[in-house]
Each structure stands twice: as C-alpha cells, then as structure tokens.
Ligand SMILES: [Zn+2]
C-alpha cells in the first residue's frame, strides 16, 4: 500500500531531473483511466516545461508552465518513475511523458478508476479530489489542538479509522497507522471518544514523528528494531516486551499490535 513516505521517496527520485524539463511527447497507454485526451496533451503538455512537482496527500501534482497540472492518484500501488525511452512499458502503464534527452517520466498503477487528471489554471482548490483532503501530516497546521478538534467530531471512529481518514489527515495508510498506534501506546481498535485530550495529543505527536522519520530517514526507520513496521508477520514478537504480536481486522485492514504495550484508552 502506498503511503505518504513512499510518495515522498518517489518524488525525491525524479523531481530534480524533471523540474524545468520540457515534455516533447505524451504517450497515453491506458485511455480508459487517463482523464486526458490526445488533443489536450498536444495543447497543454507537449512542448511545455514542468514547473514544479508537489505532493498533496498521496497525490503527485506536476504543474506545467502552461498553467495546467497533471494529477496522479497513487491508489494502492501507483508509481511515478524515470525510465529510458527504450525500456518496454509495464503492463500497468498509464501514461508516459518523454523528454528530449531519451528518458521518460512514467506513471503505472493497477487502479481501474480515473487516476490521471488534467486541471487547467493555477488554482487547484476547486478540484474535488484534492479539495476533500484533510491536513498534511507534515504540515505545521496539524497542531495538537487541531487534531483534538477533528477527533472530537469523530468520536465513534476507531483510532486507526481516524488516522486513515483522508478527510482528517491525508496520506496515512495501513502500516503507518499501526506504527503510530504502537509508538503512542494505544490500541488501533479503541474508540476515539474514549481517548482523553492528553492521549490524542500523544497520537498527534507520534503521527508527526513517525511520518517525518519515515520520510527523511526511510532506510533507518525500516531497519529499526524498535519499530513495529518491521515485524508485520504472524508469530513475530513485540519489539519492546517480546510478547507475541496480535493480528486482527480493523477498518477492513490487517492490523498488528502488542496486546501488552498498547492500551485500550
Ligand atoms: Zn509489547
């Protein structure tokens, strides 16, 4: 499952190369799910340079100097990456943007809904998909007070459901939601309404800490013996107390937790 730190890593790998480069040719491989036709590609993308690359939640936004944006929805397994023009496209290839230098920026995803969108004009705020996104976990706007306030409107949700709700905080998926609950010492299936403000503030603190670390130091986080994310297998034990981890279904997702270190509320 693609989560915020994965999208940040992808962007890091191509933004430096692609920013400022002119797209010489657009190849649409999947006309069913790419919300862009050949005429639009010719008019707005071909012959135009990429101005900036941004992330919104789990969306990648390419802003062009022609004042249009291409928005890629990462879904569960989307990937934006650079590849040589001579390499055959993946079976799940959606769209390829060629540069004159012999490389392409490619987007592949097994998603079957619309997952590439063209937005005209500099203002993206009217675009529904982005409009409904909650706060970015890495943004300074996500203060303890804001988080507690949002939680107070969703008291019947589970803690994990709150963390994975894109309208509250954008970009957290299954694995990081479990990690945040583990680091905060709270069960993912506890009810938000049962948590005190102090406990919610602790969730907010670890939410930011976990995602910042996974974004800035992905390799270190993913080999940290103290992190639950590296032990998501049946029979594995808690990194802190060596109790066998419990696995259960929360909000329809396979969830791991330590029954000893994580409290109900
Ligand atoms: Zn434990």
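Considering segment 88-128, the residues that are modelled with pLDDT of 95 or more and in contact with a helix residue (DSSP H, G or I) (Cβ under 9 Å, 6 or more places away or on another chain) include one that is farthest from residue 20 (Cα to Cα), namely 95. Picking from residues in segment 37-56 that are within 23 Å of the chain's Cα centre (by Cα) and buried (at least 19 other Cβ atoms within 10 Å of the Cβ), the one that is farthest from residue 74 (Cα to Cα) is 50. Taken over segment 248-264, the criterion of being away from the ligand (no atom under 15 Å from the Cβ) and over 18 Å from residue 233 (Cβ atoms) is satisfied by 251, 252. Residues in segment 64-87 that are free of Cβ contacts under 8 Å to residues at least 40 places away in the same chain and either assigned by TED's automatic domain parsing to the domain that holds residue 176 or out of contact with any helix residue (DSSP H, G or I) (no Cβ under 8 Å at 6 or more places or on another chain) (or both): 65, 83, 84, 85, 86, 87.
When residues of segment 103-135 are filtered for being farther than 14 Å from residue 27 by Cβ and in contact (Cβ under 8 Å) with a residue 12 or more places away in the chain, how many remain?
Final tally of qualifying residues: 21.
One residue stands out among those in segment 215-233 that are assigned to a loop (DSSP other than H, G, I, E, B) and more than 16 Å from the ligand (Cβ to nearest atom): the one that is surrounded by the fewest Cβ atoms within 10 Å (Cβ to Cβ), which is 223. Which residues, taken from segment 57-84, are assigned to a loop (DSSP other than H, G, I, E, B), in contact with a strand residue (DSSP E or B) (Cβ under 8 Å, 6 or more places away or on another chain) and exposed (fewer than 15 other Cβ atoms within 10 Å of the Cβ)? Matches in segment 57-84: 65, 67. Please verify whether residue 203 is without any contact (Cβ under 8 Å) to a residue 60 or more places away in the chain and within 14 Å of the chain's Cα centre (by Cα), treating the condition exactly as stated. No; evaluated as a whole, the condition is false for this residue.
When each of 33, 42 is tested for being out of contact with any helix residue (DSSP H, G or I) (no Cβ under 8 Å at 6 or more places or on another chain) and without any contact (Cβ under 8 Å) to a residue 40 or more places away in the chain, the lone residue that passes is 42. Take the conditions surrounded by fewer than 20 Cβ atoms within 10 Å (Cβ to Cβ) and under 16 Å from the mean Cα position of the chain (by Cα) and apply them to residue 136. Does it pass? Yes. Residues that are within 11 Å of the ligand (Cβ to nearest atom) and either in contact (Cβ under 8 Å) with a residue 24 or more places away in the chain or surrounded by 13 or more Cβ atoms within 10 Å (Cβ to Cβ) (or both) were ranked within segment 237-247; the one that is nearest to residue 188 (Cα to Cα) is 246.
The values are calculated or read from the model by the stated rules, or taken from the named source; none is laboratory data. Quantities reported herein were computed from a predicted structural model and do not represent experimental measurements. All Cβ positions, even for glycine, are placed from backbone atoms using ideal geometry, and neighbour counts span all protein chains on display.
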